[in-house]
Structures are given as C-alpha cells and as structure tokens.
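The values are calculated or read from the model by the stated rules, or taken from the named source; none is laboratory data. Here the structure is a predicted model, which is why all the values come from computation and not from measurement. Backbone-built Cβ (ideal geometry, glycine too); neighbour counts: all protein chains shown.
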Amino acid sequence: MFNLILTTSAGYNANQMLIGLAVGVVALVVMVVMTKVPAFLALILAALIVGLVGGVPGSAIPGMITGGFGGTLSSIGIIIGFGVIMGQIFEVTGAAEKMARIFIKLFGKGREDLALALTGFIVSIPIFCDSAFVILFPIAKSISQKTRKNLTLIAGALALGLVITHTMVPPTPGPLAVANAFGVNVGTMIIWGLIVSVPMTIAGYFYLRWASKNIIIVPDENGDVQRLEVQDQVLFDFDVNSEPSQPLPSGFMSFAPIFIPILLILIQSVAKLFLSAGFLLDAVNLVGNPVIAVAIGTLIAIYGLGYKMGKKEILKHMDAGVKSAGIILLVTGAGGSLGRVIQDTGVGNTLANTIVGWGVPLILLPFLVATIVRFIQGSGTVSLVTSASITAPIVLAGGGNPVFAALAAMVGGVFFGYFNDSYFHVVNRSIGITDAKEQLKFWSGTTTVAWAAGFVTILILNLILGGVVGV
C-alpha cells in the first residue's frame, strides 16, 4: 500500500479533496445522463460539489468557478465566435460548397472522412486542435450536406486527426514542454511523435466508423443539422462537375480565410525557434496569435467572399452564426470552471505524486501520471506538462529511455476526453450530438481507443528499440 500525502500543494486535506473529486465526478455523470439538468448547469454544480465536499471555503469557490469559466473562454471563446461567423459566410456565399467539391475531387468519392482525418492530422501539428476544428468544421459540414454522408463520421475523423497530432507532435506547447523536460531533441520528438500518431489515428478511425453507425446526423438544404434513422439515410451520388445552384467563389478565395490564419500561426511557431527578440518577432507573434490570425481570416471572409452582399444582409448572416455559438460557449466555459477548481485545490498534482510513489516500471510512470491528470482535469496540455515535470527526473535518474518515456506521457494525455474537456464540447456541440450517452460513446470512446493503441505501440517500441533510440 502507499501513504497518501496529507495535504495538497494548495494546503487542502488530500483525502477529503479526493473524496470531493469522486463525489463531484459521479454527480456530474448522473446529472448529465439521468436528469433534465443541462450540461452547462451540471458542470457548474459539479465544480461546486468538488469544492464543498473537498473542504474548500465557500467564499473561495465562486472565484475559482468564474476564474475557470473566464480563463477558458479567454483562450478559445473569441476564436469560436470568429469561427461560427466564418462558417455562416462560407455557407451563404457558396465557399463551403466550393471547398467540398475540391476535397471530393482530390480524394475521390467515398473517402471524404479519410481526407479530413489526414487534413486534421497535418494541420494540428503547429496549431491548437480547438482552433483548427472551429476553422475547418464548415468543410466537413458542407461535404456531409452535398453527399448526405454522416457528419458524425466526417467531422469526427477531422477532430480525431487534429487531437492526435496536437497531443503527440511538437511544436504545440504540450509536446514541446515534454520534449524539453526529458531532454529530447525537438526534431527527434517530431519524428517519433508522428510514428506513434499513425496507429493511434488508425485505431481511433475504425472505432469512429463503428460508433457513428447509429448516430446519423446530416445537414439539410439550409445547413441545419438533422438527426436521421439508419433506414432514412440515402447517400447522394454528388457530381463535383455538376452546375452549382449559385455562382461559387474561386477555390483560392474559398480556402483563404482558413489557410491564411493557419499559415500565420505556423509562421509564429517556426519564428520562435529562429528569431531573436525584436520588432520582427513581436510582429510575427502578434499576427500569429490564434485570436488575431482568425480575426484576419474572418475579415478576409467578410470582404473577400461577401463583397457582393450589402451591409445589412451580411450582418444578418453573421448574427445568425453568433447565436448558434451560445450553447457551445457556455458549456465550454463551464468545463473550464470544473477544471479550475481541481487545479486550484492541487488535488490533481497530489494524486500524480502518489502514483510516483507506487514504484511502477519507469516507462509506465509518465503514462499513468498523464492519464490520471487528464481524466481528473480534462486538459491534455496540463496533463502532459504535469506528468513531464514530475516524472522526468525520476525516469532520467533511473536510466529509462527519455524518448519513449516522453512519448508515453503524451499518449496519456489523449485518454478519455469527456465533460471537463473543452474540446469534447466543441466537437460534440458543433456536430449536433446533444445526448450525453452518445457523446461519451462517440468522443470519449474514440479518444480512449486511440490512447490504448498508443500505449501498446509505445510498449512494443520500447521493448524492441529501448536500448537503441537516443535523444
């Protein structure tokens, strides 16, 4: 057995906080699965329960809840707002249809989901998956609308490709921090991260195909998502060369609002590695910040795609897009509230430190710590950084392979995305999956299968190459 640390890093009783965490998580699951309480309210109540049962003074809990809500939306809320505005413009100007036609023509009919999985896999290497999904989702939606193929599978494949490389491949912050903690060269980390990401994506994709069979969602002619029964889904033989119902913008102009922000963010990531402090780096950091980059993309969409529309008409469409983002913003922010209570009380770090004391094999240590922190707190990046900071000194001192230990920490950060993960809500709500059981089956199941595939891959690689591969 092991002795639990008496107090958390924030000074709270560790045993009581763990009980509070357990009670809060159970209450959350019960509320969203078995009651009429909406997910937004359930998350806020769960955060309150964790704090109260865990012994946090009542006067301190509201500050944690509001701080977590605001902190989460400060990083992604504006991007979601810009993203839905762009999505609305893509739909009404025909840009989404143009992009769908190009994708179908490039990858062939019937392989649209694979095309978007590959797109997500590549795009999220330098970019946060939340931002990239919001930007790219209109393409998935338009493809589904034109082919009547299940949006759950198409957008799910996009989301899967995005989250895998976001968690596994530098230069996104989590993998970069892990590589630094374990002393692994960034180039080496990129190569091995990509290698491990492939079986994770394949396994997750096949699970998605199974999980989406009975969750069929297809946008109607107006772009509104509708739920269909299996027998009612009729695939369209969409001819990419057919005459469109309205004049379509050029391919360049259609993709520009998406790929210019992505390019700006990518340039910022690369510039940090090669430019020294000064005016040029400041300028690149400004335009490459995701909020500013997506704002630039939104302006390109407004003036490049909507130039034929009058002011009142385009404002009407943009207002409609903003209204649709309301519930996504609320639920995403509430997930941040729960995460903040867990973070500020220190219970996640307490449990992580306890795992370190179990005496497990070195390769398993960063994996277990990242997995537990990911489940408790929801943030893949936080779980990676926490695991690396705690376990790297132990693994390196014990002679473990730093490359595979770093990869193990990153794989742990993919585990079971659920209600306390902002990406869980962005993906499910964008697609139109509102039933909690289906959300868990669809996205939590997908991330868990990818996590398991990654863990098996790491064990095999470490067994065969653990004594050969260096930093």
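Here are the numbers:
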item	result
Of all residues making up the range 1-35, the number that are in a strand (DSSP E or B) and either touching a Lys or Arg at 6+ places or on another chain (Cβ under 6 Å) or at pLDDT 80 or above (or both)	1
Matching residues, the range 158-201, being under 22 Å from T119 (Cβ atoms) and polar (S, T, N, Q)	T165, T167, T172, S197, T201
Residues of the range 434-471 satisfying the condition of being modelled with pLDDT under 95 and touching a Ser or Thr at 6+ places or on another chain (Cβ under 7 Å)	V471
Members of the range 396-428 found to be crowded, with 24+ Cβ neighbours inside 10 Å, part of a helix (DSSP H, G or I) and of a type in the set (A, V, I, L, M, F, W, C), listed by number	V403, F404, A405, A406, L407, A408, A409, M410, V411, F424, V426, V427
T35 among the β-branched types (V, I, T), under 20 Å from R429 (Cα atoms) and over 26 Å from the mean Cα position of the chain (by Cα)	yes
Filtered residues of the range 319-344 (kept if in contact with a Ser or Thr (Cβ under 8 Å, 6 or more places away or on another chain) and more than 27 Å from M17 (Cβ to Cβ))	I328
Identity of the residue in the range 152-174, modelled with pLDDT of 85 or more and of a type in the set (G, A, S), that ends up surrounded by the most Cβ atoms within 10 Å (Cβ to Cβ)	A159
The range 297-307, residues that are exposed (fewer than 15 other Cβ atoms within 10 Å of the Cβ) and touching a helix residue (DSSP H, G or I) at 6+ places or on another chain (Cβ under 8 Å)	none
Matching option when the condition is under 18 Å from N462 (Cβ atoms), part of a helix (DSSP H, G or I) and not aromatic (F, W, Y), among P366, P361	P366
Within the range 378-394, considering residues that are touching a residue at least 24 places away in the same chain (Cβ under 8 Å) and surrounded by fewer than 24 Cβ atoms within 10 Å (Cβ to Cβ), the one farthest from W451 (Cα to Cα)	I394
When residues of the range 93-151 are limited to those that are acidic (D, E) and touching a Lys or Arg at 6+ places or on another chain (Cβ under 8 Å), the one surrounded by the most Cβ atoms within 10 Å (Cβ to Cβ)	D113
Which listed residue, of L106, L116, is among the aliphatic types (A, V, I, L, M) and under 17 Å from L208 (Cβ atoms)	L116
The one condition in (1) over 19 Å from K98 (Cβ atoms); (2) not in a helix (DSSP H, G or I) that D282 fails to fulfil	(2)
Qualifying residue in the range 83-91 (condition: surrounded by fewer than 21 Cβ atoms within 10 Å (Cβ to Cβ) and at pLDDT below 90)	no
When residues of the range 299-323 are limited to those that are within 17 Å of L248 (Cβ to Cβ), free of Cβ contacts under 8 Å to residues at least 60 places away in the same chain and part of a helix (DSSP H, G or I), the one nearest to the chain's Cα centre (by Cα)	I300
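Okay, residues lined up against (1) at pLDDT below 85; (2) more than 27 Å from I122 (Cα to Cα); (3) among the small types (G, A, S):
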residue	(1), (2), (3)
I265	yes, no, no
Q268	yes, no, no
V284	no, no, no
A295	no, no, yes
I300	no, no, no
S324	yes, yes, yes
